[in-house]
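The values are calculated or read from the model by the stated rules, or taken from the named source; none is laboratory data. None of these values were measured; they are calculated from a predicted model. Cβ: placed from backbone, ideal geometry, glycine included. Neighbour counts: every protein chain shown.
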Amino acid sequence: MILISPLADTAVLKVVPPPVPSKPQVLEEDDKTPQIKVDVTKNGSVIINGAAVCPADSQTIQKRIEAEKEKIAGHDPVLSLSSDELAKHKFVVAVMDAAEGAHIKKLRFEAPRKN
C-alpha cells in the first residue's frame, strides 16, 4: 500500500493498451447480456448509464450500480467501464471497488478516450 498510494492520485502512469480494431468485435452472447455503462472523466466525475453520481465515492457508486442491477433483475449484467485518457486512477479503482461490492461478476474495460 505504501508504494501504490502515491500513484493512485496521478494520471501520469501511461499504460498503452493493445490497438483497438476498426470494427468492434462483439461476441454473440454480449449482444444479449444487459450492460451497466460507467464513464470516468478526467475531472473525476462518474457517470452511470448517462446519470452523474454525486459524490463520486465507492459507497455512492456501489448504491447506484446496485440500483441499476435491480432494474434488470434476473440477469447478470456486464459493467462496461470507460474513462478519459487522463482520468486519475483512484476514480477508476473506486468504480472497480464499487462493482465488486455490488457483486458484479463481469467487467469490461473499454479503450481510454483521447482528451
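Structure data summary
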read-out: Search result, residues across region 72-99 that are among the small types (Gly, Ala, Ser), free of Cβ contacts under 8 Å to residues at least 60 places away in the same chain and within 17 Å of Arg113 (Cα to Cα); value: Ser80, Ser82, Ser83
read-out: Filter pass, Ile104 being at negative phi, crowded, with 19+ Cβ neighbours inside 10 Å, in a loop (DSSP other than H, G, I, E, B) and β-branched (Val, Ile, Thr); value: yes
read-out: Matching residues in region 53-71 - criterion: being over 15 Å from Lys105 (Cβ atoms) and in contact with a strand residue (DSSP E or B) (Cβ under 7 Å, 6 or more places away or on another chain); value: Val53, Ala56, Thr60, Ile61, Arg64
read-out: Hey, Asp39 at pLDDT 85 or above and either out of contact with any His (no Cβ under 6 Å at 6 or more places or on another chain) or not in a strand (DSSP E or B) (or both) or not; value: yes
read-out: Residues (of a type in the set (A, V, I, L, M), in a loop (DSSP other than H, G, I, E, B) and more than 14 Å from the chain's Cα centre (by Cα)) located in region 58-101; value: Ile72, Ala73, Leu86
read-out: Qualifying residues in region 72-97 (those that are of a type in the set (Asp, Glu) and surrounded by fewer than 14 Cβ atoms within 10 Å (Cβ to Cβ)) - the one nearest to Arg108 (Cα to Cα); value: Asp76
read-out: Test: residue in region 61-71 that is touching a residue at least 60 places away in the same chain (Cβ under 8 Å), among the aliphatic types (A, V, I, L, M) and either under 16 Å from Thr33 (Cβ atoms) or surrounded by fewer than 14 Cβ atoms within 10 Å (Cβ to Cβ) (or both); value: no
